[in-house]
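No lab work stands behind these numbers, since they all come straight from the coordinates. Treat the numbers as computed from the prediction; the structure is a model and nothing was measured. All Cβ positions, glycine included, derive from the backbone under ideal geometry; neighbour counts span all protein chains shown.
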Amino acid sequence: MSVAENSRFRRARPLLVVAGLALVAGLAWWLWPHAEADGGKEAGGGKAVPVRIARASAEPLVLRMKAVGTVTPLHSVVVRSRVDGELMRLHFQEGQQVKAGDLLAQIDPRPYQVKLAHAQGTQQQNLAELENAERQLQRYRELQRQNYVSAQELSDQQSKVRQLQGRRLSDQASVDEARLQLQYTRIVAPVSGRVGLRRLDVGNLVHASDAEGLVTLAQTAPISVLFTVPEPELPALLDAVQAQPALAVESWDREERRQLASGTLSSVDNRIDTATGTLKLRAQFDNADQALFPNQFVNVRLQLGEHPALLVPDAAVQFGSQGNYVHIIDKDNKAQRRAVVLGPADDGRVAVRSGLVAGDKVVIEGIDGLEDGTAVEIITEEASTKAGA
C-alpha cells in the first residue's frame with residue numbers, strides 16, 4: 001500500500017467504526033422484541049421454564065399401615081358322616097350357599113331304625129318287670145308288718161327293685177343312643193356358608209372314619225382377612241387400638257386399583273412370630289356381595305386414625321445427597337430450593353414436618369433443570385386445555 005493510500009485509510013477508519021457500531025445497535029434493537037415474542041419472558045439471562053404447581057395444604061392425614069393378607073373363612077368345616085352306611089341322597093349343588101341346619105345328605109337309615117326298635121323293645125320288657133317287682137315289694141311290706149314274711153325276704157325284694165331301676169336307666173341310654181345314631185343318618189350343615197366339590201357320589205358306602213369327608217363347607221359372610229405387621233410398627237398399632245378398638249380396614253385387589261370391601265380389625269394375636277418378626281392380625285368383613293373369596297390374596301390398609309398435617313403431593317419431593325427438598329415458587333415467579341423434613345405419606349400425598357408453610361407453591365411438574373433463581377412460567381389447567389385443543 002502506498003503512502004497516499006495508507007493516509008486515506010487512516011482518515012476513513014473512524015467512519016467505519018461508527019458505521020459498525022450503528023449496525024450492531026440496529027441489530028440488537030430488532031432482535032430484542034422478537035426474542036421476547038419467540039422465547040417468552042426472560043430473567044437472569046434464560047428462558048422462563050414452564051412448570052405445574054400445587055399448594056401445601058393443612059389437612060387431616062389418615063395414617064395407614066399397608067400389608068398383604070389372605071382371605072380366611074371364620075369357619076371352615078369338613079363335613080363327615082358320624083355313622084357308617086350307604087349314601088342314599090345328596091341335597092346340595094356344588095358351590096351352593098347353604099344355611100346352618102340345611103339337609104346336605106342322607107345315609108341309609110334302615111339299619112339304625114332296626115337298632116332303635118330293638119332297644120325300645122328291650123326297654124319295654126324291663127319296664128314291665130320293674131313294675132311287677134315294685135308291686136311285689138309293696139305286698140312284702142304289708143306282709144312283713146303282719147310277720148308273714150321275714151325281714152330278709154323284704155330286703156331281697158328291695159334289692160331286686162333297685163336292680164331293675166338301674167336297668168331302666170341303662171335301657172333308656174340304649175334307646176337314646178339308637179335314636180341319636182338314627183339322627184346322624186341325616187347330615188346337616190353345621191354353619192352357613194358355601195359348599196365345595198363333593199368327594200363321594202350316591203351309592204357309595206360312607207364310613208365315619210373317612211378323613212376326606214363328603215364335602216367342605218366354608219363360611220363366606222362374614223369372612224376374615226389374616227395379615228401381619230412388622231414388629232417396629234407395633235407401638236403405633238397398640239396406641240391406635242387403645243384409642244379406638246374397632247379400627248377401620250380396607251381390602252384392595254392385587255393391583256390396588258379397586259377396593260373390594262371395608263371392615264374392622266377384630267383381633268390381634270398374643271405374640272410376635274420370632275421367625276418372621278411380625279404380628280398376626282385378623283380383620284372381619286360382612287362380605288354380603290361375596291367380593292372376598294377364601295384363600296384370595298388382597299392388599300390391606302389398616303387405618304390408625306387422623307392427624308393434622310401439612311400435605312404436599314409426592315411428586316413435589318426430591319431426594320438429594322443432602323436430604324429431601326422441594327422447589328417452591330416465590331412472588332417473583334422464581335424457583336427456590338427448600339429443604340424439608342418429611343412425615344408419613346398416604347394416597348399420593350406426604351406430610352411435611354418442617355420447611356414449608358400452608359399456601360406455599362411447590363413444583364410438581366417441570367422440576368428437571370430448576371435451580372435457585374430460575375424464572376418459571378406457571379402452567380394452569382386452562383392453559384393446558386387450550387394447548388391441547
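General remarks:
- The chain: most fluctuating residue of Leu279, Leu200, Leu169 per GNM, C-alpha cutoff 10 Å: Leu169
- Over 21 Å (Cα to Cα) - which of Lys66/Lys280; Lys99/Lys280; Lys334/Lys361 fall in this group: Lys99/Lys280
- Extension gain from Asp201 to Glu306, taking 0.36 nm per residue of separation minus the Cα-Cα distance: 32.2 nm
- Phi-based couplings in Hz for the range 72-87 (Karplus 6.51, -1.76, 1.60; Gly and Pro marked x): 10, x, 5, 9, 10, 10, 8, 7, 10, 7, 9, 9, 8, x, 7, 6
- 18 Å reach of a label modelled at Ala339, 7 Å along Cα-to-Cβ, counting backbone N of the range 293-321: 317-321
- Proportion of all alpha-carbon pairs of the range 109-184 beyond 22 Å (%): 40 percent
- Peptides 84-91, 217-224, 206-213 ordered by average Cβ neighbours within 10 Å, highest first: 217-224, 84-91, 206-213
- Mean separation of Cα pairs under 8 Å and 6 or more residues apart, divided by the residue count, gives the chain a relative contact order of 26 percent.
- Modelled FRET efficiency - R0 45 Å, Asn324 with His75, Cβ distances, 0.05 increments: 0.40
- P(r) for the chain, from all Cα pairs and a bin width of 10 Å, is 4, 12, 12, 12, 11, 10, 9, 8, 6, 4, 4, 3, 2, 1, 1, 1, 0, 0, 0 %, short bins first.
- Per the Debye calculation on the range 47-162 with a single equal scatterer at every Cα and no solvent contribution, log₁₀ I(q)/I(0) for q = 0.13, 0.17, 0.20, 0.21 Å⁻¹ amounts to -0.84, -1.02, -1.15, -1.19.
- FRET E, pair Leu154, Gln113, Förster distance 56 Å, beta-carbon r, rounded to 0.05: 0.85
- Dipole moment magnitude, nearest 20 debye, the chain about Cα centre, only Lys, Arg, Asp, Glu C-beta charged: 60 debye
- Hydrophobic, long helices, defined as DSSP H runs whose alpha-carbon span along the helix axis is 20 Å or greater and whose mean Kyte-Doolittle value is at least -0.5, occur in the chain at 3-39.
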